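A short write-up of the structure that comes next.
A short reminder: the numbers here are calculations on the coordinates, not readings from a lab. The shown structure was predicted, so the numbers you read here are calculated from the model rather than taken from an experiment. With ideal geometry, Cβ positions are generated from the backbone for all residues, glycine too; neighbour counts draw on all protein chains shown.
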Amino acid sequence: MTCNALHSHRHIASTRPVSQNQSAPAGSVDFSQNPQDKVVLQPGTYTVQNLKGGETPEVEKAKLSEPLQAENGAYVFADTDPRFHAANSFSAVARTIQFFEEGTGIPVAWAFGEPQITVVADGGEMLNAYYQRAEGSVNFFHSTDAVTSQVVYSGDSGEVVSHEAGHAILDGMRPAYLMNWRTDCGAFHESFGDMLALVMSVQDDKVLAQVVEQTGGDMTRPNMAANLGEELGITINHKVGKNHTGGDYTRTAINKFKWQDPKTLPKNPENPDELGSEVHNFSRLFTGAFYDVFTGLVNENRANGMEPGQAIREASNEGIRMLGRLLKAAPRFDFTYRDMAKCFVQSERDAGGSHADLVAKVYKEREILPANLTVADVPPLQNPTTSLTQEALAVQKDLVPLRGNFGNFSGASVEIARDPQAPRFVADDDQVRDDIKRLIDDGRILYTEPHQRLSEKDLFDRNGEPYIGVLRWRDGQPVIERNTIVT
Ligand SMILES: [Zn+2]
């Protein structure tokens, strides 16, 4: 979720005894849920549908990692009850999956090949949250706030949970993205989680009412939907000892960033209002543009006579449909922000959407698209009908040998996903080498010795950020692989 969480030793969450004489509820069951977090909203409840009814809550595509004791046929607890964290994180994952599937018409399928994703509500002490493909899980943690001494749980935030579920959903549709080394691609993964969390958040009546109160329908005003992960962000700022995130949030979608080549940017500039090349940081540009599109939808609805609440809710309904169309059209392997923005225009023009002009206008203003681009000039979608499963299966691994001096990493090969239908361009390999060079220089690739055993915590650096890549030895040959843990 964040770029600057701090990591410490983690322990296995204890399982709680479950009463044998009380049957676990099934079907439509109420869960505690906070679509925001307690800094900005009191927790409410959410009805999970098609709950299977075991001692460990599960639905078709998600399960909690541990048993949870129901009370009066529901999983509704005070937020001081330790069970609250599990109820909130599990139900927020279930809600995100349902919202995505209903909004886009795309059935979620996981990249790790299992039917269910595992929700680890409290994986120990860490100021972060992450999706891990290898284990097929989304993981949430707790940390003590350095100023207030309160224990903060990342899984208590519906937005943080939706962000992590977003990584998992995107990975299922486009697994090659987590084998890609380009900043734009990693940053889009971050942006997708934030865009999903944003449009989902205002589906909740209480959030919608508050956003209406905060904005009056003018979405350029700060509001709890645009601001993501408020409690976590405040705790990060307390830990860092200054305003590191730019405000009382982990990130906000309200910004004026314009395109800059990430190669020319510092990783995380001192000033949070400046764009950096670290993927969470750089994601703010794409998310900010999407938020402008969202704002445009609200304005359009307002101009058509809708009240602010209805205008925002309808923009959310359209926003998730647009994200679905974009994902169907999205590049399968390597891409830049500009490629993705062109796809956004294409998918609105050609795949049943109606906001191609709005998308083109916004992404031109952000200088992601060239100023002279016209909607009609964007080429037609290449392959809009290919099934997503077929696309996922088409991912083939390939190795790019490093050439020249890469320090410890000299002589290694870099694993990438290659489109088997695309011709092999030398320029692509140079791009990979270029990206790897920068990541090595930034300390983002983990070096290991032959036969070195790695535990999960080794895949995180001193600042608690997962490495982007890790050098492993295959039959005595050093290969740099992507780390498929993303925060
Ligand atoms: Zn993330």
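Residues with amide H under 5 Å of LEU228's amide H, sequence separation 5 or more or different chain, H placed in the peptide plane at 1.01 Å from N; which?
Placed amide hydrogens put THR250, ARG251, THR252, ALA253 under 5 Å from LEU228.
Relative to the Cα centre, what is the charge dipole magnitude of the stretch 246-345, using +1 at the beta carbon of each Lys and Arg, -1 at the beta carbon of each Asp and Glu, and rounding to the nearest 20 debye?
400 debye
Using amide H atoms built 1.01 Å from N in the peptide plane, name the residues 5+ places from VAL152, or on other chains, whose amide H lies under 5 Å from its own.
Those qualifying (amide H under 5 Å, at least 5 residues apart or on another chain) are SER143, THR144, ASP145.
Between ALA129 and residues 5 or more places away or on another chain, which pairs have amide H atoms under 5 Å apart, with H built 1.01 Å from N, and which residues are they?
HN-HN under 5 Å from ALA129: THR2.
So for the stretch 27-172: antiparallel DSSP bridges make up what percent, rounded to the nearest 5?
Close to 65 percent.
Please sort 287-296, 109-118, 262-271 by packing, taking for each peptide the average over its residues of neighbouring beta carbons within 10 angstrom, highest first.
287-296, 109-118, 262-271
Which percentage, to the nearest 5, of the DSSP beta bridges contained in the chain is antiparallel?
Taking every DSSP beta bridge within the chain, about 75 percent pair in antiparallel fashion.
For LEU373 and GLU274, FRET efficiency with R0 = 25 Å and r from the beta-carbon atoms, rounded to 0.05?
So the FRET efficiency works out to roughly 0.40.
Pairs LYS61/LYS206; LYS267/LYS437; LYS52/LYS457; LYS242/LYS437; LYS63/LYS206; LYS63/LYS239: which are spaced more than 21 Å apart, C-alpha to C-alpha?
As for pairs spanning more than 21 Å Cα to Cα, those are LYS61/LYS206; LYS52/LYS457; LYS242/LYS437; LYS63/LYS206; LYS63/LYS239.
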